[in-house]
Amino acid sequence: MSDVLNKYLPEHAVSSCFELIKINRVHLKIVNERLTRHGDYRKNANGFHQITVNASLNKYRFLITLIHEIAHLVAFEKYGRYIKPHGNEWKLTFQHLMVPFIRPEIFPTQLLPLLARHFKNPKASSDTDATLSLALKQFDENESDKNYIFEIPYGSHFRIHNGRVFRKIALRVKRYECLELKTGKMFLFQPNAEVELIPS
């Protein structure tokens with residue numbers, strides 16, 4: 001297992017992650033990319049803990065996602081099955097498990113202050129922390145031909161992953177209000193949402 005983890009994790013995080021997987025009896029599956037989530041945790045009917053993580057993630061996002069999912073397992077085991085999935089118990093557990101990894105041997109120096117800030121109050125997804133998400137994306141191997149919402153001009157049209165087409169309208173506090181052309185409905189997008197710009 002540690003040989004497999006070497007491929008997906010920062011070198012100095014492998015042994016600690018391997019220990020967490022062993023201690024918590026995790027069945028880890030590394031799967032093809034899913035657009036809606038980076039990872040997933042479930043306890044199977046036979047009592048096994050299964051965690052899946054997308055193979056396409058860069059090693060820093062893979063580490064954060066793996067610890068995020070292990071935190072679900074640990075929080076449920078410690079506090080019971082009826083806690084909120086991303087409530088205070090999970091946040092405390094995620095912080096506790098993640099803090100030992102936030103060091104320069106594991107993460108690039110420019111990510112450390114962003115991670116420290118994020119883990120004061122971790123969100124359900126690191127994608128909702130636009131600053132951290134953009135900083136993590138610079139380590140992705142595959143350069144995307146897509147743009148971020150914040151980069152494209154107001155009034156321009158763009159397509160999202162499922163083919164729906166929108167026009168960028170306005171900034172509302174931290175998110176962008178965009179009109180879906182087919183339905184006339186307004187939607188809010190995070191600034192780091194990846195979209196395909198449609199030439200006018």
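The values are calculated or read from the model by the stated rules, or taken from the named source; none is laboratory data. All values reported here derive from a predicted model rather than from experimental measurement. Here the Cβ positions follow ideal geometry from the backbone for every residue, glycine too, while neighbour counts run over all protein chains shown.
Before we move on, is residue 31 surrounded by fewer than 15 Cβ atoms within 10 Å (Cβ to Cβ), in the same structural domain as residue 122 (by TED's automatic domain parsing) and among the aliphatic types (A, V, I, L, M)?
Values: surrounded by fewer than 15 Cβ atoms within 10 Å (Cβ to Cβ): yes; in the same structural domain as residue 122 (by TED's automatic domain parsing): yes; among the aliphatic types (A, V, I, L, M): yes.
Here the answer is yes, as residue 31 does meet what is asked.
Which strands (runs of 3 or more DSSP E) sit wholly inside segment 1-101 and have at least 3 residues that are within 20 Å of the chain's Cα centre (by Cα) and of a type in the set (Val, Ile, Thr)?
On the way: elements: 26-31, 39-43, 49-54.
Because the criterion is at least 3 residues that are within 20 Å of the chain's Cα centre (by Cα) and of a type in the set (Val, Ile, Thr), the strands (runs of 3 or more DSSP E) in segment 1-101 that meet it are 26-31, 49-54.
Of the residues that make up segment 21-31, is at least one touching a helix residue (DSSP H, G or I) at 6+ places or on another chain (Cβ under 6 Å) and under 23 Å from residue 138 (Cβ atoms)?
no
Tally up the residues in segment 106-123 that are in a helix (DSSP H, G or I) and touching a Lys or Arg at 6+ places or on another chain (Cβ under 8 Å), please. Outline the logic, then answer.
Filtering segment 106-123 for residues in a helix (DSSP H, G or I) gives 109-118.
Still in the running and touching a Lys or Arg at 6+ places or on another chain (Cβ under 8 Å): 112.
Here the count works out to 1.
If you scan segment 103-148, which residues turn out to be of a type in the set (Asp, Glu) and more than 20 Å from residue 174 (Cβ to Cβ)? Spell out the reasoning first.
We begin by selecting, within segment 103-148, every residue of a type in the set (Asp, Glu); these are 105, 127, 129, 140-141, 143, 145.
Hits for segment 103-148 are 105, 140, 141, 143, 145.
Which residue pairs have Cβ atoms closer than 6 Å, lie 6 or more positions apart in sequence or on different chains, and pair a first residue in segment 174-194 that is more than 14 Å from residue 160 (Cβ to Cβ) with a second residue that is acidic (Asp, Glu) and surrounded by 12 or more Cβ atoms within 10 Å (Cβ to Cβ)?
Close Cβ pairs (under 6 Å, with a partner that is acidic (Asp, Glu) and surrounded by 12 or more Cβ atoms within 10 Å (Cβ to Cβ)) amount to 186/177.
Would you point out the residue of segment 147-162, among those that are surrounded by 14 or more Cβ atoms within 10 Å (Cβ to Cβ), among the aromatic types (Phe, Trp, Tyr) and over 17 Å from the mean Cα position of the chain (by Cα), that is modelled with the highest pLDDT?
Going residue by residue through segment 147-162, those that are surrounded by 14 or more Cβ atoms within 10 Å (Cβ to Cβ) are 147-150, 152, 156-160.
Going one step further and asking which of them are among the aromatic types (Phe, Trp, Tyr), we end up with 148, 150, 158.
Now drop any that are not over 17 Å from the mean Cα position of the chain (by Cα), which leaves 150, 158.
Numbers: 150: 87, 158: 94.
Ranking the candidates gives 158 first.
Give me the pairs: first residue in segment 123-146 and modelled with pLDDT of 85 or more and of a type in the set (Gly, Ala, Ser), second residue outside any loop (DSSP other than H, G, I, E, B) and surrounded by fewer than 17 Cβ atoms within 10 Å (Cβ to Cβ), beta-carbon distance under 9 Å, and six or more apart or on different chains, which are they?
That search, which allows pairs on different chains as well, returns 135/110.
Can you tell me how many residues within segment 5-14 are over 14 Å from residue 57 (Cα atoms) and exposed (fewer than 13 other Cβ atoms within 10 Å of the Cβ)? Break it down into steps so the answer makes sense when it comes.
Taking segment 5-14 and keeping what is over 14 Å from residue 57 (Cα atoms), we get 11-14.
When the remaining residues are screened for being exposed (fewer than 13 other Cβ atoms within 10 Å of the Cβ), the result is 11.
Summing the residues that are over 14 Å from residue 57 (Cα atoms) and exposed (fewer than 13 other Cβ atoms within 10 Å of the Cβ) in segment 5-14 gives 1.
If the requirement is being closer than 24 Å to residue 28 by Cα, surrounded by fewer than 22 Cβ atoms within 10 Å (Cβ to Cβ) and in contact (Cβ under 8 Å) with a residue 60 or more places away in the chain, which of these qualifies: 64, 106, 102? Spell out how you get there, then give the answer.
Details: 64 fails: surrounded by fewer than 22 Cβ atoms within 10 Å (Cβ to Cβ); 102 fails: in contact (Cβ under 8 Å) with a residue 60 or more places away in the chain.
Answer to the selection: 106.
For (1) surrounded by 13 or more Cβ atoms within 10 Å (Cβ to Cβ); (2) at pLDDT below 95, each residue gets a yes or a no:
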position	(1), (2)
16	yes, no
19	no, no
54	yes, yes
58	yes, yes
82	no, yes
89	yes, no
